[in-house]
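Notes to accompany the following structure.
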Amino acid sequence: MTVSSSPSASQQSLVAVAQGTQRAAQALASLSTAAKNQAIEAIAAALAANADEILAANQADCDAALADNLAKPLYGRLKLDAVKLQGAIAGVRDVAKLPDPVGTVQIHRELDKGLVLKRVTVPLGVLGVIFESRPDAVMQISSLAVKSGNGVILKGGKEAVRSCTALVNAIKQGLTQAGLDPAAVELLTTREETQALLALDDYVDLIIPRGSNVFVRFVQENTRIPVLGHADGICHLYVDVEANLAQAATIAVDAKAAYPSACNAIETLLIHQDIAAPGLPQLAQALQAAQVQLKGDEQTRQWLPEIAPTTAEDWATEYSDLILAIKVVESVEAAIAHINTYGSRHTDAIVTENPATAALFMDRVDAAGVYHNCSTRFADGFRYGFGAEVGISTQKMPPRGPVGLEGLVTYKYQVVGNGHISATYSGPDAKPFTHKDL
């Protein structure tokens, strides 16, 4: 499937929407911190006031999803109960408490007397965010967009269309009450609009896809707009020969079973061969008590013969379910090699009491997040203190990992002079620059 080069009716219609969001974003970009925070508070108040309508819309989506046999991981992300909604609204308010990322002077330098350079952070412009299920992402992304002075065009999955519509209606209500243009936050609802969005490189400055591997790769291959995101969440937990096994079992259960459909849940557990005899039965007992289905390589099944054997595909599979593949490795170096071969550069963890081994693991594993003696579930913008996140990036170039406000701004160079010209600083009588930081 490719994006058509000729504008369809859907694309023509979306151009008008994107133009409106672009104008609203330009107005947002010049707002004071206080004005943006007031708008975020108005959004939170509107979400709370419309809670009954939002929850009813989500229940309708959930009922339809069950009737359509929606995959269990997607259903888990779709469900938005009163407690989850209340927590999300609190998260919106938390964004208002964060430092404003716009207007930060990163460089302030005298080039010569009366000629001064500044590098100042500015909003990106318009974000296009495409996601499956997870209606709470609407609230996170919208609040981050407003705080960073960006407009946003949201595209949720068809399974969450009622929930997303109710949420965006409330957000627009809040923006209007704050005296802002509600076009700053828009919602798309059809597959055709997704394809049209990818062609709007004149209006959209960044695409953030949150979905399946196949979908993210489709987005990356079918747009000229820069893309930020991750295709897979294949995370690992390595239990070292010097691990505290009780601690390892607790971490493994949390990292796999607390929220198995999350992208920061582990899909593979690696264990050192010298601790496999006592470790595997202890880990298996804890994981199976949490309803985790285990699969193992040949060595693992020597101690756990009742579990299913793994295949080559298991090491590259994001289950997003209560399924965990286990592999016995001969060393920390072997664990690192396995992770760097099959991992998705998301988040990987080691359990060990040896700080040198932990340091080696954290230095050599190529991932956005590397953890020691804690669960991979901490890979989350809210838990990092970002207030919320627009997504998680596994690319090498920044931003990397959970992306909050700092990933939604760029910068511009401002130079102020007093009739200065470049010819003064070139040729045989060139005047030298002072290059003095102010």
Only one of T310, T268 is in the same structural domain as C374 (by TED's automatic domain parsing), surrounded by fewer than 22 Cβ atoms within 10 Å (Cβ to Cβ), at pLDDT 95 or above and among the hydroxyl-bearing types (S, T, Y), namely T310
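Residues are listed down the side, and each one gets a yes or a no for (1) assigned to a loop (DSSP other than H, G, I, E, B); (2) in contact with a helix residue (DSSP H, G or I) (Cβ under 7 Å, 6 or more places away or on another chain):
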residue: A246; (1), (2): no, no
residue: A255; (1), (2): no, yes
residue: N264; (1), (2): yes, yes
residue: T268; (1), (2): no, yes
residue: I275; (1), (2): no, no
residue: G279; (1), (2): no, yes
residue: L283; (1), (2): no, yes
Would you be able to say whether some residue in the range 252-269 is touching a strand residue (DSSP E or B) at 6+ places or on another chain (Cβ under 8 Å), in contact (Cβ under 8 Å) with a residue 12 or more places away in the chain and among the acidic types (D, E)? yes
Only one of (1) surrounded by fewer than 21 Cβ atoms within 10 Å (Cβ to Cβ); (2) closer than 27 Å to V214 by Cα does not apply to R109, and that is (2)
The number of residues in the range 200-239 that are acidic (D, E), under 19 Å from the mean Cα position of the chain (by Cα) and either farther than 21 Å from E186 by Cβ or at pLDDT below 95 (or both) is 1
Listed by range, helices (runs of 4 or more DSSP H) wholly within the range 1-91 having at least 2 residues that are outside the structural domain of L167 (by TED's automatic domain parsing) and modelled with pLDDT under 95 are 9-29
Check your understanding: Is it true that S331 is crowded, with 21+ Cβ neighbours inside 10 Å and hydroxyl-bearing (S, T, Y)?
Key -> no
Determine, yes or no, whether D254 is more than 27 Å from E406 (Cβ to Cβ) and buried (at least 20 other Cβ atoms within 10 Å of the Cβ).
no
In the range 221-276, residues that are touching a Lys or Arg at 6+ places or on another chain (Cβ under 8 Å) and small (G, A, S) total 7
Within the range 416-438, the residues that are part of a strand (DSSP E or B) and surrounded by 10 or more Cβ atoms within 10 Å (Cβ to Cβ) are V416, K436
Checked the range 289-307 for anything assigned to a helix (DSSP H, G or I) and surrounded by fewer than 16 Cβ atoms within 10 Å (Cβ to Cβ); matches are A289, Q302
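The values are calculated or read from the model by the stated rules, or taken from the named source; none is laboratory data. Everything quoted here is computed from the prediction, not taken from an experiment. FYI the Cβ positions are ideal-geometry reconstructions off the backbone, even for glycines, and counts take in every protein chain you see.
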